């Protein structure tokens, strides 16, 4: 008897815990073991070489003891051929998507739910059976197959239900000859009584990653026919391995005192008698086994409580009470845990007879349409009443005091008709658009929350308290300068919420008529938004249909000084980011920048975007700066952009885009014009800029930061147009801002610019250039701790040698370049990453990207984002700048998804040397892949090894970005290259005053001097040096003992040049004369001329030595 009683208690406990369970509260785990086929138990269907096709069949099984599923005991089970169990029913059924089907039952268990049938392979046994082994109920499918693959497949699996714990296991056995088909994909998991209660697994070709596996599934976030687990041998192939087990564990039952949750609906309600109060909800009431709900009511102010009577949902977490009787009543939710009987109650909701709402309407603001010349769009938040009244007047609002109002009195008219207080809205909504306003007029508006009961005349209960339910405004609004409308958030017809005071308008224009400019009206137009330029939203107008006259109008501005309007504009093909072939050329279309001083009655053109001004305007946002004439200083103005088709309905179909409109006072000196970055190294950079368009700055400030946020503090001061910045970190992206110093004030910072420092390469710390005279070998050298390579150009070029020294043979002065390199590791994230889904297929000669290579690198892989629905082959080529193929690879790619593109890595391994104009191209026939149309910030650096310069489209450049994302590459860490000069000099001309000289033995020659080349040589050496006296300044004399040839070597150690010159010195030999007698006698007195001697050049002296030669007439 005790045993029976315990069993009865257990059954009753099971019954109690059937409330409020959800399959989403089960937990998931998995394991791997050995699949064990069962052979006992009950066979539901079995056949060998079945003559009948079993595909929509199902069979019932009655469990000996209840199995607790999702909090409910189950004894009836329907086992379907289609790979699932239906619990708590005996109704036979089939469903190839069992978790998302509406099959009635306590729940669905789906280990491999899809359209299955018996195998059709000859000699193979098909069987379905179940077994109670005392611990578990095991349901087994043997040799089933997908419907159209029954001639090849045999699939085996089990669903195991543990009787003691409620744990459900899916055990997968041999999956033989799985076909490469994706026609039938299984739903795997659990479902409760409805399709909203589910817990299933999901696996696709890209989720959770690009290498899908049944070991790596995720929780399904939706319950649709597409919520499946991939099952195919088609790439990427995936199906469960034998022995894999999925385990679904139910949540533990509640214990102790539960939480009562939080009431999300209004707690204090004022209701007319006979009216339904509406639902009361506790959305976070606990949902675990053993929890039960019961709504309670009190009619005596909460002194005593009883189960709620009437209404619907009294035992759920959402209760709708019956119609209100007119007497105050309170409701609360009681949450009870069966395990121990603990309970808790929610906050009390009080239903009271109608009265003025306790909470007033609030937050009265201008809506997305904004405030125009004669219209206004207003929004407000509801209070705790059931309805709202909105009044407008040109004088302060007088609160209504009536307690009874007729239908006529409660009928609002949103077209304001005069100056008196007027009801412009009555109803249950939270917004109203009012027309009939007068420009420049001040209006008062107030919203009242109210309740009403009965029929006309209604009893009304109006809350007249004051708060954020009232506003005052004048049409249009006034704004201060600077005023920016960056178009962000514009979706069409909501310019009022994009930038306060801005609005749209239009002028009705007949087809073929000249567009007018006076009095644009309304607060809507045909301007729409565009995201053709990547992250930059634009307002665009399609100028194709005649009679367009569409406006974007600013708030009012009081001009006190010179002012300007800045904006960006572009022209594209219709609904595209691509360039239009002709644009505005040959049309009478216009987008005019206009100005008014009289509420839009008359307008003056400041600038016109038309055929004459857009010859070069294409699909790149171009900046415009238009000065407002100084004659408007001291006036209140508005500016506007008016788009008109013109009286001629022109053929071209294109879009005109506007972006980033700014109205500002012209600064005393504007911000500088950024030029470029030069000399980027691993730790330094040179920043260059130009003077601003306006003003003469006294100096500049610049900031170099790792943050792209516009600075709020001062920068580094300089007076020049260049800044050399040092102390940077290698391989780091820096952001640069520059501003002008205008006396005691500053200009705005420039828009952010960025650069990336080079990698942490080894420095070249010293160089040894080479010099020689004339052609030949020159020895060059550098000092460094790294591996040095020598090149013929500062970037790119040819590698000539490796090592600290290099000895080239040169014929003229030549500069060589030495750079260091360190072995690199793979780098990812090159090129672009994107979340775009726009796509196309390659055509013609192919689509791709063009890039220049500064340093050789290995392109390991690129990613493509597949959007096509079918798997296929992708051929990628590397071409040079003449479109000649260098490398090619063809890979099989899986099917993609147009909403959530499949990311696929294409492995390449291409060695790419330095050079310009390379192309990476997808050939025609490739599947559809993601690409971006325009707005790409070329050039895009790939580290310091390469630069992406444009897209490639059938042999032409293109502003878009085609297909290849997340470049993974390996390149050494290259330094900047250091020049080392090999100087080749030519010897300078060199001459002496003479190359011959004569002297007597023992006598020096006259001085021989340098007549040319003295300045070009620094050292002189004579050979032989004996008998040579003097120097290069005064000349040299020679005193040889015999006739001698002297050789002079003139050299210059700096130029390494030398030259030679010779001087031939001759020695004259003297022969002594002879006389016939030592004494010569004369009869008569003679002269020296009479003396007789034999010889040459004879002279006579009066002494043996010394003296002066005698004249021939000297008497003897």
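Taken together, the values in this text are just the output of simple stated rules run on the coordinates, not laboratory data. The model shown is predicted, which means the values in this text are computed figures rather than measured ones. Quick reminder, even Gly has a Cβ in these numbers, built from the backbone with ideal geometry, and neighbours come from all protein chains shown.
Ordered from longest to shortest, the equivalent ellipsoid semi-axes for the range 362-474 are 23, 15, 12 Å, each the square root of 5 times a Cα gyration tensor eigenvalue.
Note on the chain: helix-only mean residue ellipticity at 222 nm, from DSSP H runs of 4+ residues weighted -39500 (n - 2.57) and normalised by residue number, equals -500 deg cm²/dmol. Relative contact order of the range 773-857: what whole-number percent is it, with Cα pairs under 8 angstrom and at least 6 residues apart? It rounds to 31 percent for the range 773-857.
Placing one equal scatterer on every Cα of the range 827-970 and applying the Debye formula, the log10 ratio I(q)/I(0) at q = 0.20 Å⁻¹ is -1.25. Rounded, prolate or oblate for the range 673-756? Axes are the square roots of the Cα gyration tensor eigenvalues, ordered a ≥ b ≥ c, and the cut-off for rounded is a/c under 1.5. Judged from the Cα gyration tensor, the range 673-756 comes out prolate (a/c at least 1.5, a/b above b/c).
Applying 1/(1 + (r/R0)^6) with R0 = 25 Å to the Cβ-Cβ distance of residue 276 and residue 306, what FRET efficiency is obtained, to the nearest 0.05? Once rounded, the FRET efficiency stands at 0.75.
Extension gain for the segment residue 767 to residue 441, taken as residue separation times 0.36 nm less the Cα-Cα distance, is 109.4 nm to one decimal. If you take every DSSP beta bridge whose two residues both sit in the chain, what share of them, in percent to the nearest 5, is antiparallel? If I count the DSSP bridges inside the chain, around 95 percent turn out antiparallel.
Computed from the alpha carbon atoms alone, the convex hull of the range 22-249 holds 106 Å³ per residue. Each Cα pair under 8 Å and six or more residues apart adds its separation to the average, and for the range 673-756 the resulting relative contact order is 32 percent.
The ellipsoid that matches the Cα gyration tensor of the range 918-1023 has semi-axes, each √(5λ) in whole angstrom, of 76, 15, 11, with the longest given first.
Two decimals is fine: what is log10 I(q)/I(0) at q = 0.29 Å⁻¹ for the range 1072-1116, from a Debye sum with one equal scatterer on every Cα and no solvent? Computed log10 I(q)/I(0) values: -1.33.
Taking Cα centroids, how far is the range 506-580 from the range 751-781 in Å? Each part's Cα centre sits 55 Å from the other's. With the alpha-carbon atoms of the range 268-353 aligned to their principal axes, the span from lowest to highest coordinate is 41, 24, 19 Å, starting with the largest.
If one computes the Cα centroid of the range 463-498 and of the range 88-159, what distance in Å separates the two points? Answer, in whole Å: 62. Calculated FRET efficiency, residue 211 to residue 265, Cβ-Cβ distance, R0 = 60 Å: about 0.80 to the nearest 0.05. For the chain, the relative contact order comes to 6 percent (Cα pairs under 8 Å, sequence separation of at least 6).
Highest average first, the peptides 111-121, 887-897 ordered by how many other beta carbon atoms sit within 10 Å of their residues are 111-121, 887-897.
In terms of other Cβ atoms within 10 Å, 153, 504, 665, 296 run from fewest to most in the order 665, 296, 153, 504. The Cα atoms of the range 987-1068 cover 41, 19, 16 Å along the three principal axes, with the biggest extent listed first. The alpha-carbon atoms of the range 9-139 define a convex hull whose volume equals 136 cubic angstrom per residue. Subtracting the Cα-Cα distance of residue 465 and residue 182 from their residue separation scaled by 0.36 nm leaves 95.4 nm. Residue separation of residue 456 and residue 898 scaled by 0.36 nm, minus their Cα-Cα distance, works out to 153.5 nm of gained length. Sorted largest first, the principal axis extents computed over the alpha-carbon atoms of the range 182-332 equal 69, 35, 22 Å.
Across the alpha-carbon atoms of the chain, the computed radius of gyration and Dmax are 49.8, 200 angstrom. Each part gets one Cα centre, and for the range 237-271 versus the range 360-399 those centres are 43 Å apart. Evaluated over the Cα positions of the range 483-665, the convex hull gives a direction-averaged projected area, one quarter of its surface, of 9.3 nm². Counting every other Cβ atom within 10 Å of each residue's Cβ, 160, 334, 540 order from fewest to most as 334, 160, 540.
Modelled spin-label separation between residue 50 and residue 665, with each label point placed 7 Å from Cα along the Cα-to-Cβ direction: 8.7 nm.
Taking the fewest neighbouring Cβ atoms within 10 Å as the starting point, the ordered list for 657, 150, 580 is 580, 150, 657.
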